[in-house]
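The values are calculated or read from the model by the stated rules, or taken from the named source; none is laboratory data. Keep in mind it's a predicted model, so treat the numbers as computed, not measured. Cβ placement follows ideal geometry from the backbone for every residue including glycine, while neighbour counts extend to all protein chains displayed. Only protein heavy atoms, including side chains, enter the accessible area calculation; ligands, DNA and RNA are left aside. Shrake-Rupley method; radii C 1.70, N 1.55, O 1.52, S 1.80 Å.
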Amino acid sequence: MQRTIASLAALALLGGAATAQEGDKTFTFAFQGELKSLDQYTLNETFSLGTLGNVYEGLTRRDADLNIIPGLAESWEVVDDMTWRFNLREGVKFHNGNDFTAEDVVFSADRVRSEGSDLKTRIPEDAEFVAVDDHTVEVRLETPNPILHYEWDTWGIMDKEWAEENDAVAVTSASAEGQNYAALNTNGTGPFKITSHEAGVRTIFEANEDWWNWEDREFNIDRAEFTPIGQDATRVNALLSGQVDMVYPIPVQDVPRVDANPGTVAMTGPELRTIFLGFDQMSDELKSSSVEGENPFKDKRVRQAFYQAIDIDAITSKIMRDLATPSALLISPALYSRSDEFERYPYDPEAAKTLMEEAGYGDGFTVMMDCPNDRYVNDEQICQAVSAMLARIGVTIEPNFQPKSQYFAKVLASNNYDTSFYLLGWTPGSFDSWNVIHNLNACRNEDGTTGGPFNLGGYCNEELDALADKILTETDPEARDAMIAEAFTMIHEDVAHIPLHQQGLAWGKSEDVDLVQRADNTLMLYHVTKE
């Protein structure tokens, strides 16, 4: 009911906004979830990172095809195995007029690795950033790292002076109740400025005419308005009625309807994100379960029983309307060439029941399932279907399906990984397998300050960790691929998680708008043109 009221309120606001900027090229768009914090370091989530990537810029960028291109660093070089040198653009200004210098990069490198940051893995913990001069930064490493800069397009550089003046050096975590100045205001170097932000209501972007790449810009819009609309039907109707120029995602069942509507078109394509299920394998007793004094998920047989109880073909055809690709791994085949060597455990409810009996849980048990209902394509419906499938092997799911802001605040490290069984989606920001192996599978401590920060369930295999360390530093592609295959074999045989699928992209837009649908599901305003 609250989501319905919020959606209706959003539509009411849209109705008043369309005429307020008559004559301007204003691009209006809606997403299923809200943009809560404006601090890019608060939440490692594609929508937040991508949206704020229109305001904050990294040393690198990604083009429409996701190739790495220069950003605030106009060039870089590997001086030796342990030293990288980045040459920064001169004449770049932050939105408040401050000069961008190497000191801002050094400050941002420290801040992104500080307490409360959800982006700590962007930079090796022991890397030293040194300002050689105002426009040169050296990164000095303890071990070689050939993929050092692969995720730096989503690590935005902040203004040191602005952060210090506004008491915003500390990062507001995703679970914090209060927010500091950087969570409520922005000051980047990017092509757009945020001039107004009401979390859960509306965010207004205005083009930055002082952007360093202004003369070569691709976009022609002067202004953009973002409105979160949680209800699928309301979001689609806003597009069909012309109240917004673009919405995403659209339910897969509405793709034909959007295409048939005069003036609108659906955009579909493959996405790099993998949707999967995870278990708490660290706690001696599950936080939210009917089982007392022990943790059934520590037993591989229980994890495999859950896996084999799930009819992935039914989820693909009935819920995803075939706009998803079942997966045996936690990474898209587009990102790992040997993915086709792996196969899913077969759907087999009878085998699943046998495994449960062998593990001592023949009568089943109850467990809470954490699931967002406004983050991934048909996320709540997937969780409902999984719940029904698990019921056939005696498992009762206690649903805790909620908006992504509440979901992430509950399950992430900032709230001590408060989850027993969960659904999550992951796109490796580096588009490299090591990201998945480390972030989702590396052994971690209880608060996530060491190991895999997004290994919510605490799966641990020390042999895998040792192999991951070798993968990170290996420079021979063939040898590295072989080690990656070995790592994914360990993860698969341990049933560390339950991969479900790579979801497909489904966006809807006005025919008067041109934009780029990137495979990482980010909407970059600097690719938008409007008639």
Residue 79: net charge of surrounding residues, Cβ under 12 Å, Lys/Arg +1, Asp/Glu -1, itself excluded? -2
Excluding ligands, DNA and RNA, the carbon-plus-sulfur percentage of the accessible area of the chain with a 1.4 Å probe reads 44
Note, residue 290: beta-carbon cut-off 13 Å, +1 each Lys/Arg, -1 each Asp/Glu, net -4
Here the net charge surrounding residue 210, from other residues whose Cβ is less than 11 Å away from its Cβ (Lys, Arg +1; Asp, Glu -1), is +1
Phi-derived 3J(HN,Hα) across region 294-306 with the Karplus relation (6.51, -1.76, 1.60, θ = phi - 60°), rounded Hz, x for Gly and Pro, is 7, 10, x, 6, 6, 8, 4, 4, 5, 4, 5, 4, 4
Give a residue-ordered list of calculated ³J(HN,Hα) values for region 47-54 (Karplus: 6.51 cos²θ - 1.76 cosθ + 1.60, θ = phi - 60°; whole Hz; x for Gly, Pro). 4, 5, 5, x, 5, 6, x, 7
Based on the alpha-carbon gyration tensor of region 59-159 and its eigenvalue square roots a ≥ b ≥ c, which shape applies: rounded if a/c is under 1.5, prolate if not and a/b is larger than b/c, or oblate? rounded
For a label point 7 Å from the Cα of residue 85 along Cα→C-beta, name the residues of region 129-145 whose backbone N is under 14 Å from it. 130-140
Simple label model, 7 Å out from Cα along Cβ direction - residue 220 to residue 106, nm: 4.5
Check which residues have an amide H placed less than 5 Å from residue 396's amide H, if you skip close sequence neighbours. 365, 366, 367
Direction-averaged shadow area of the convex hull around the Cα atoms of region 279-336, nm²? 5.7
If the rule is a partner Cβ under 4.7 Å, which cysteines in the chain fail it? none
For the residue 317, residue 415 Cβ pair and Förster radius 35 Å, calculated FRET efficiency rounded to 0.05 is 0.45
Which Cα, out of 78, 154, 130, lies furthest along the positive dipole direction of region 11-167 (beta carbon charges, K/R +1, D/E -1)? 154
Highest mean first, what order results for 141-151, 39-49, 74-84, 362-372 on Cβ atoms within 10 Å? 39-49, 362-372, 141-151, 74-84
Amide H contacts under 5 Å for residue 267, restricted to residues at least 5 apart in sequence or on another chain and with H modeled in the peptide plane, are 507, 508, 509
Per its Cα gyration tensor (rounded if a/c is under 1.5, else prolate when a/b beats b/c, else oblate), the chain is best filed as oblate
If the limit is 28 Å between Cα atoms, which of 318/404; 160/404; 318/410; 93/404; 120/404; 120/160 go over it? 160/404; 318/410; 93/404
Can you work out ³J(HN,Hα) from phi for every residue in region 280-292, in order, using Karplus 6.51 cos²θ - 1.76 cosθ + 1.60 and θ = phi - 60°, giving whole Hz and x for Gly and Pro? 6, 10, 9, 5, 6, 9, 4, 5, 9, 7, 7, 7, 10
Check residue 442: other-chain or 5+ apart residues with amide H under 5 Å from its amide H, H built from backbone geometry? 452
